[in-house]
Each structure stands twice: as structure tokens, then as C-alpha cells.
Amino acid sequence: MLAMRPTALALAGIVASAAALALLAGFATTQSPLNSFYATGTAEAVQEPIDVVSQLNTNIDPAAGAQGSKDMGSIKIYNRTDVNVVKLKITIANAAQLRPYFDYLQLVINSTANSNVPEIKAVLSLKKPSAVIILDNEDFAGSDSGGDYAQLQVKAYYEAREGMLFDSLPVILNFQVLSVS
């Protein structure tokens, strides 16, 4: 029995190592949550081969029953010299928490780096909280000391439910890089 104990421990170690490697391989895939980031205010997320800088004010603070709109800020997506197309999935991460407080909430995401007229890239709502957008060379027309960038403006349109009591509600956006080319 004593001779089998070290063998059993070694076998258990090998099985545990194999399980850890399988788990690591699962997290390394492109669908892993490790390749996404949240924008809840001023933040930077450096992803290869793009950098994302968020300047969002994500709180909505209406009175009960009020409706209106709010400019929520912008997001700059810097590309590398060899990147022409970026595919991003944008999600209202806390949509389930916001549903009881709003009759409707829509986020309109515009690309503004290329022209004076913004181009609508996505419309998110509490019923459809996710959208995939594609940014190409026309979107990466902005330029500053950080390099070429695409700029996305986020504007919220809402109507709060009657009788709801709250000071402010955060809208949390999740950005996931699906592909670059």
C-alpha cells in the first residue's frame, strides 16, 4: 500500500496538470471573456493589435417618468499600421438590471472620425442589447499623436418608468474584439 501512494499522487498530479492545460486552452480562444473589456467611464484597454480609449460618462440620472437623451461620450479605437478592418461586438452588460427602471433605453453608436455627418454603426436597446460593428479604413480616418483612430460617439435615448426612485443608473458597455485583419 505504501508503494502505491506515491504512484497515485503522481497520477493525480498528471491529471490535474492536463485539466489545467485544457482550461488554459479554453481561455485562450477568441471567444474567451479575456479578450473583451468593459467601458464604465474613463478607461484604456490595450489589446493587440488595437488600443481602445474610453471617455464615457455612463450614468443616466432622470426623474421618474422622464424621457430625454444624453450624450454619453466617445470611444477612440487606435489601429496598428497593418490593421484595415476591426470587428467588435458591443453589449449593454447590465441590460437585465436596467429593464425594470426604463420603459425604453436605446444607445445609438455613431462613427465620427471620417466626416462631418456621423454614420450610425449600431443601435442597442434593452430588448436587443448586443450588436456587431465593423470598422474599416474609412472609419480610421482620425489622426493624432497616438496614431490613426476610429471615433465612436454614444448617445442614449430613454424614458424612465413612473414611480421609480433612483438617483442615477450606470450603463455598462462591454466591447469584445471578434477579429482584426
(request) Scan region 99-119 residue by residue and report those that are out of contact with any Lys or Arg (no Cβ under 7 Å at 6 or more places or on another chain), open to solvent by 10 Å² or more (accessible area, probe 1.4 Å) and either modelled with pLDDT of 95 or more or not polar (S, T, N, Q) (or both). (result) Arg99, Pro100, Tyr104, Gln106, Ala113, Val117, Pro118, Glu119
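Okay, residues lined up against (1) touching a helix residue (DSSP H, G or I) at 6+ places or on another chain (Cβ under 9 Å); (2) outside any strand (DSSP E or B); (3) of a type in the set (S, T, N, Q):
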site: Tyr78; (1), (2), (3): no, no, no
site: Pro100; (1), (2), (3): no, yes, no
site: Lys121; (1), (2), (3): no, no, no
site: Leu124; (1), (2), (3): yes, no, no
site: Ile134; (1), (2), (3): no, no, no
site: Tyr149; (1), (2), (3): no, no, no
site: Lys155; (1), (2), (3): no, no, no
site: Phe175; (1), (2), (3): no, no, no
(request) Quick one: which residue in Ala96, Ala122 is without any contact (Cβ under 8 Å) to a residue 60 or more places away in the chain, within 17 Å of the chain's Cα centre (by Cα) and buried (at least 18 other Cβ atoms within 10 Å of the Cβ)? (result) Ala122
(request) Considering each residue of region 137-178, count those that are closer than 13 Å to Ile77 by Cα and buried (at least 17 other Cβ atoms within 10 Å of the Cβ), and give that number. (result) 12
(message) Just to be sure before I move on: is Gly163 under 22 Å from Gln106 (Cα atoms) and of a type in the set (Gly, Ala, Ser) in the structure I sent?
(response) yes
(request) Exactly one condition in (1) in contact with a helix residue (DSSP H, G or I) (Cβ under 8 Å, 6 or more places away or on another chain); (2) at pLDDT below 90; (3) under 28 Å from Glu138 (Cα atoms) is not met by Ile92; state its number. (result) (2)
(request) Report, by residue number, each residue of region 48-75 that is in a strand (DSSP E or B) and either of a type in the set (A, V, I, L, M, F, W, C) or over 30 Å from Asp103 (Cα atoms) (or both). (result) Ile50, Asp51, Val52, Val53, Leu56, Ile60, Met72, Ile75
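The values are calculated or read from the model by the stated rules, or taken from the named source; none is laboratory data. Since this is a predicted model, take the numbers as computed values, not measurements. Reconstructed Cβ throughout: ideal geometry from the backbone, glycine too, with neighbour counts over all protein chains shown. Note: areas computed on protein heavy atoms with side chains; ligands, DNA, RNA excluded. Shrake-Rupley method; radii C 1.70, N 1.55, O 1.52, S 1.80 Å.
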